[in-house]
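Quick notes on the structure that follows.
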Ligand code: ADP
Ligand code: ASP
Ligand code: MG
């Protein structure tokens, strides 16, 4: 007998008829001799409706009361599904998060799961009952047994966490699409179904806007080796398997908090090439990286910083052995990039004495404290950061090569891990040869860009900024520092820009303005009219030309790129919000990800 956790989303339980159809599917699994735990979301758009009601009463409702309100949606669907099962002759019992013992932190509206008491669920399973659990909610252990919620979309996380705690054979996520697709079918109906995707790729896609899975659900599946499937609620098709490597043994205590960092990695065989003052218009990145790709040179990290006047800086890293060839291409291309004036001439800088230091793990964007800890450890070791690359599975900093031993020691001590050089990746984690360079494309329209201008260029500045945001649980992505130093008084300064969720933008600005004044920066600028479009694929490493193709697709459609950041398995561009959907569509087409059939998403 297998133990299966099944999760049904809002649309799948959106009406009495749909609840009855779910009951039949659940009963079929139970009748085949399996133990079945079902996690359900609130019916249809119930949670959105509750959020709207709260907004009619308060512009800034108390988080505790929001949890009291939003947790009611799931209580309706568990009771109704349990009744539907009983009506069909299947013994069943519904349970709230608190009744199960889904114990969380005390952070209202965004609690992480600390542990799950499995005894009562197991007892009911042994009695032959299907256990129907309310998703998205838990109970804070500390003090007053407060009801908490896990954050919007969090029922996926409840399901995978239950599967990990119960050591279930698999976790099946049933939803309104056939599985994980190359992009959101609501924006590209020809998006294709994937038979498989790795956890790392899915974690990036989910965090970059593909809401088919809650990123924290993928994180738990990866960390505990849960077999995770995403399937349609309307058919018996197999859907998508999210694959994970053999996980390291982990305690179930502290489930979502334990050990975000698995390893410290370093690569001391890189050089950095920066182009300063390139024109801020569509086509510049395409031309530069097109020329580099045509020489078959494989770039690693790329960043494009925010506008300074009407020019940008672009910097990239590349294996040191190919730096000379890349420099020659950059030098040849720089004068052709656009109209240059005396004070506005593109300049190429090469630094051969750099090192890339990374921490690897899962869920690093979702845990803002991790980046802040990394920057603090480097600041305490007096290491200045030249470039930052963020992703859910890796945070990398480019630093002076002579600082690398100190940096590695500081990071190993901070995160209590040992090192592995990037250049000696163990065979098991090398992506299979057939891994496509681009697995999927995602769009996030809920982002805002913040820029802090003229930050003194000395160790510790990034640490102060991101520690402050982390203390207020604000996740930061797409962090970009300008390559150019502007001398203000006697002090060299740089700008740092980054993106946060739109809902956090105003709080972030209010927190950062006093800090910016204290450390002597010029100002904090917020832009909420931005969108982030990203490509993700484990096969893009070692494949020259992927970035060039992405930039070219945007250039051909006259879409200006405001910021670029990359990691080993993703490239993200920040563009104007109004062009976000078009950007997604043209990129999806450029990588030939469309199929011949259209996916229709039921209302
Ligand atoms: P549920 O209520 O079942 O949890 P969600 O609305 O949270 O469902 O997630 C499913 C939706 O995710 C789909 O209807 C689709 O619009 C959207 N989506 C975004 N990106 C993708 C993708 N890459 N693959 C599949 N669906 C996606
Ligand atoms: N009902 C919650 C929401 O709409 C949780 C979920 O559906 O996953 O966000
Ligand atoms: Mg969902």
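A quick yes/no check of all residues on (1) within 22 Å of residue 303 (Cα to Cα); (2) in contact with a helix residue (DSSP H, G or I) (Cβ under 6 Å, 6 or more places away or on another chain); (3) free of Cβ contacts under 8 Å to residues at least 12 places away in the same chain; (4) not in a strand (DSSP E or B):
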{"site": "446", "(1), (2), (3), (4)": "yes, yes, no, no"}
{"site": "453", "(1), (2), (3), (4)": "yes, no, no, no"}
{"site": "459", "(1), (2), (3), (4)": "yes, yes, no, yes"}
{"site": "473", "(1), (2), (3), (4)": "no, no, no, yes"}
{"site": "492", "(1), (2), (3), (4)": "yes, no, no, no"}
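Report yes if some residue within region 240-247 is under 28 Å from residue 21 (Cβ atoms) and crowded, with 21+ Cβ neighbours inside 10 Å; otherwise report no. Yes, because at least one residue in region 240-247 is under 28 Å from residue 21 (Cβ atoms) and crowded, with 21+ Cβ neighbours inside 10 Å. Among the residues of region 113-128, none qualifies, meaning not one is part of a loop (DSSP other than H, G, I, E, B), crowded, with 20+ Cβ neighbours inside 10 Å and in contact with a helix residue (DSSP H, G or I) (Cβ under 9 Å, 6 or more places away or on another chain). Only strands (runs of 3 or more DSSP E) whose full extent lies in region 143-198 are considered here, and none of them has at least 2 residues that are closer than 25 Å to residue 538 by Cα, in contact with a helix residue (DSSP H, G or I) (Cβ under 6 Å, 6 or more places away or on another chain) and away from ligand 2 (no atom under 16 Å from the Cβ).
Residue 14 passes every criterion in (1) under 16 Å from residue 73 (Cα atoms); (2) touching a residue at least 40 places away in the same chain (Cβ under 8 Å); (3) within 15 Å of ligand 3 (Cβ to nearest atom) apart from (2). Scanning region 30-52 for residues that are assigned to a loop (DSSP other than H, G, I, E, B) and either surrounded by 11 or more Cβ atoms within 10 Å (Cβ to Cβ) or within 16 Å of ligand 3 (Cβ to nearest atom) (or both) returns 32, 34, 41, 42, 43, 44, 45. Against the condition modelled with pLDDT of 95 or more and farther than 29 Å from residue 287 by Cα, how does residue 513 come out, does it pass? For residue 513, the condition - modelled with pLDDT of 95 or more and farther than 29 Å from residue 287 by Cα - is met. Candidates 79, 55: the one that is away from ligand 1 (no atom under 16 Å from the Cβ) and either out of contact with any strand residue (DSSP E or B) (no Cβ under 6 Å at 6 or more places or on another chain) or in a loop (DSSP other than H, G, I, E, B) (or both) is 55. When we screen 230, 212, 218 for residues that are assigned to a strand (DSSP E or B) and under 19 Å from the mean Cα position of the chain (by Cα), the only hit is 230. Evaluated against (1) in contact with a helix residue (DSSP H, G or I) (Cβ under 7 Å, 6 or more places away or on another chain); (2) surrounded by fewer than 22 Cβ atoms within 10 Å (Cβ to Cβ), residue 500 falls short on exactly one condition, (2).
Whenever a residue of region 140-161 is free of Cβ contacts under 8 Å to residues at least 40 places away in the same chain and closer than 18 Å to residue 207 by Cβ, it has no partner that is within 9 Å of ligand 2 (Cβ to nearest atom) and part of a loop (DSSP other than H, G, I, E, B) lying with C-beta atoms less than 8 angstrom away and at least six residues away or across chains.
Restricting region 210-231 to residues that are more than 26 Å from residue 368 (Cβ to Cβ) and buried (at least 19 other Cβ atoms within 10 Å of the Cβ), the residue that is nearest to ligand 1 (Cβ to nearest atom) is 230.
Taking region 1-29 as the range and being buried (at least 17 other Cβ atoms within 10 Å of the Cβ) and part of a loop (DSSP other than H, G, I, E, B) as the test, the residues that pass are 9, 10, 14. Screening residue 22 on (1) within 14 Å of ligand 1 (Cβ to nearest atom); (2) under 23 Å from residue 218 (Cα atoms); (3) touching a residue at least 60 places away in the same chain (Cβ under 8 Å) shows it passes everything except condition (2).
Out of 29, 55, which single residue is away from ligand 2 (no atom under 14 Å from the Cβ) and within 20 Å of residue 237 (Cβ to Cβ)? So that I can check it myself, show each step before the final result.
On the way: 55 fails: within 20 Å of residue 237 (Cβ to Cβ).
So the residue among 29, 55 that is away from ligand 2 (no atom under 14 Å from the Cβ) and within 20 Å of residue 237 (Cβ to Cβ) is 29.
With respect to being closer than 30 Å to residue 193 by Cα, within 22 Å of the chain's Cα centre (by Cα) and crowded, with 24+ Cβ neighbours inside 10 Å, residue 303 falls outside the description.
The values are calculated or read from the model by the stated rules, or taken from the named source; none is laboratory data. Just so we're clear, the structure is a prediction, and the values are computed from it rather than from any experiment. No Cβ is skipped: glycine too gets one built from the backbone with ideal geometry, and neighbour counts run over all protein chains shown.
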